[in-house]
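What follows is a single structure, written as structure tokens, with notes after it.
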Amino acid sequence: DDMDSFQIPLTNEIVLKGHTKVVTALAVDHSGSRVLTGSYDYTVRMYDFQGMTSKLQSFRQLEPSEGHQVRSLSWSPTSDRFLCVTGSAQAKIYDRDGLTLGEFIKGDMYIRDLKNTKGHITGLTAGEWNPREKETILTSSEDGSLRLWDVGDFKSQKQVIKPKLVRPSRIPVTTCSWNHEGNRIAGGIGDGSIQLWSIKPGWGSRPDFHVENAHTDEITGLKFSTDGRVLLSRSTDSTLKQLILTGTSIEKDGTSGGLLCFFDRRKLELVSRVGISPNSSVIRCAWNPKLNQIFATVGDKKEGGTHILYDPSISRRGALVCVARAPRKKSIDDFEAAPVIHNPHALPLFRDQPSRKRQREKALKDPFKSHKPEAPVSGPGHGGRVGVTKGSLLTQYLLKQGGLLKETWMEEDPREAILKYADVAAREPKFIAPAYAETQPETVFAKSDSEEER
């Protein structure tokens with residue numbers, strides 16, 4: 001009965017997947033048709049309920065700053081642009097379709113006074129677009145400052161806000177927020193305090209409200225109520241201050257996973273809670289009033305998702321549109337181009353030919369090629385071998401063909417040619433035989449040692 005009185009949509013659920021790590025940023029545009037999610041996988045995914053089918057796939061993926069996690073996303077009042085805050089010192093502005101419009105300037109880290117720098121000098125922690133002025137945004141940073149920017153000028157800032165501290169130092173500003181009228185700013189400071197500034201003529205860095213020790217740990221979220229009379233805060237110290245909807249983290253030894261908890265604003269009593277993920281904490285949550293649907297992001301180091309809770313009886317459009325739309329079936333007339341990709345270096349024209357030395361070494365290792373006899377040399381010959389053209393020299397070949405050079409020794413048997421001079425060598429030894437006539441009258445190799453010849 002309590003759930004019905006608060007009209008909490010909890011009967012149905014869909015999950016927008018695509019990120020490979022925890023989803024840390026969430027933004028739903030004012031019409032409720034487009035959803036932005038940012039993750040620790042350094043990407044932003046854009047979902048459109050009007051063009052999305054039941055496969056729930058994003059229509060665009062962005063990487064705002066290479067190697068930097070996405071920490072905050074915010075739509076402009078007219079939803080024609082959005083702000084993207086990453087772990088870098090420079091925020092970016094994109095149009096509704098995800099095209100980059102500009103990047104704000106980075107300050108000089110060697111200037112000690114933050115008011116003299118042209119921009120943030122260390123990583124950003126949060127950012128939000130002014131809900132009334134479409135040209136003003138707010139950012140907070142680890143450098144200990146909040147800054148107001150004019151979207152029309154990416155090279156200079158409008159205002160630098162330094163929080164009030166007990167002693168001069170640089171304590172990070174962990175989160176920031178606008179009220180619904182766009183005339184008041186709230187900042188969560190690293191020392192656990194919450195400070196508020198009113199936008200008025202001649203205002204400076206001195207806060208109008210300073211709540212010391214609001215939390216004992218890092219403040220992770222601030223939100224103004226619609227009437228601007230109540231400020232909602234969330235911290236990692238496990239406490240809730242004036243919160244209506246919040247997500248919880250999983251505990252080491254706990255049995256429950258990430259939960260969404262609903263509190264009565266007047267009594268601060270727990271009205272309802274619902275489990276979102278058994279293994280992951282709830283990082284961001286939002287309750288869109290036009291759609292009456294609840295968005296909650298979860299994830300870990302391996303995957304990330306955005307859960308959308310809705311009730312067909314009380315929710316409107318949004319998830320109901322894409323869930324009812326089944327994916328289109330492929331037609332027989334659909335044409336899918338399958339282009340052939342050519343790698344120029346893989347073509348024989350550009351391939352380096354292997355050296356002959358390596359070819360011979362490879363052939364020697366081949367058991368079949370190593371036993372294969374060498375083929376006869378064709379042509380005039382090369383490598384010290386005589387070819388089959390009856391003479392390795394072109395001049396010899398031409399003289400023979402013309403009949404001017406006659407050599408019979410090429411057609412004669414070498415053994416027969418030597419034996420012709422056997423008798424003459426025996427009768428008239430001229431070279432080696434006379435040298436051994438006195439010392440060795442009978443030659444050693446005259447008789448054969450072969451047993452077969454004996």
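3J(HN,Hα) along the range 205-215, derived from phi through the Karplus expression 6.51 cos²θ - 1.76 cosθ + 1.60 where θ = phi - 60°, amounts to 7, 6, x, 7, 10, 9, 9, 6, 6, 4, 9 Hz, with x in place of Gly and Pro. Enter the Cα centre distance for the pair the range 183-232 and the range 11-36, rounded to the nearest angstrom. Here the two parts' Cα centres lie 27 Å apart.
From Cα pairs below 8 angstrom and at least 6 apart in sequence, can you work out the relative contact order of the range 7-327, rounded to a whole percent? Display every interim value, and only then the final one.
Numbers: 894 pairs, mean separation 55.3, N = 321.
Reported as a whole number, the value is 17 percent.
Here the ratio of the Cα radius of gyration of the range 7-327 to 2.2 N^0.38 Å is 0.97. Projected label points at Ile314 and Glu63, each 7 Å from Cα along the beta carbon direction, are separated by 4.3 nanometres.
Taking label positions 7 Å along the Cα-Cβ direction at both Ser355 and Lys369, the computed distance is 1.6 nm, reported to one decimal. With the simple spin-label model, which puts each label point 7 Å out from Cα in the Cβ direction, the Asn12 to Asp333 separation comes to 3.2 nm.
Among Leu148, Val85, His180, whose Cα projects farthest towards the positive end of the dipole of the range 7-327, with charges put on the beta-carbon of Lys, Arg (+1) and Asp, Glu (-1)? Checking the options against the dipole of the range 7-327, the answer is His180. Could you tell me which of the pairs Lys223/Lys302; Lys115/Lys155; Lys106/Lys200; Lys223/Lys301 are separated by over 18 angstrom between their Cα atoms in the structure shown? In this structure, Lys223/Lys302; Lys106/Lys200; Lys223/Lys301 lie more than 18 Å apart at Cα. Note on the range 194-278: Kirkwood hydrodynamic radius from all Cα pairs is 14.8 Å, rounded to one decimal.
Ranked by accessible surface with a 1.4 Å probe, highest first, in what order do His345, His307, His68 come? Walk me through the numbers before you get to the answer.
Values: His345 145, His307 25, His68 65 Å².
Order by accessible area, largest first: His345, His68, His307.
The values are calculated or read from the model by the stated rules, or taken from the named source; none is laboratory data. Quantities reported herein were computed from a predicted structural model and do not represent experimental measurements. Neighbour counts are summed over all protein chains in view; Cβ atoms, including those assigned to glycine, are modelled from backbone coordinates with ideal geometry. Heads up: the accessible areas ignore ligands, DNA and RNA and are worked out on the full protein's heavy atoms, side chains in. Shrake-Rupley method; radii C 1.70, N 1.55, O 1.52, S 1.80 Å.
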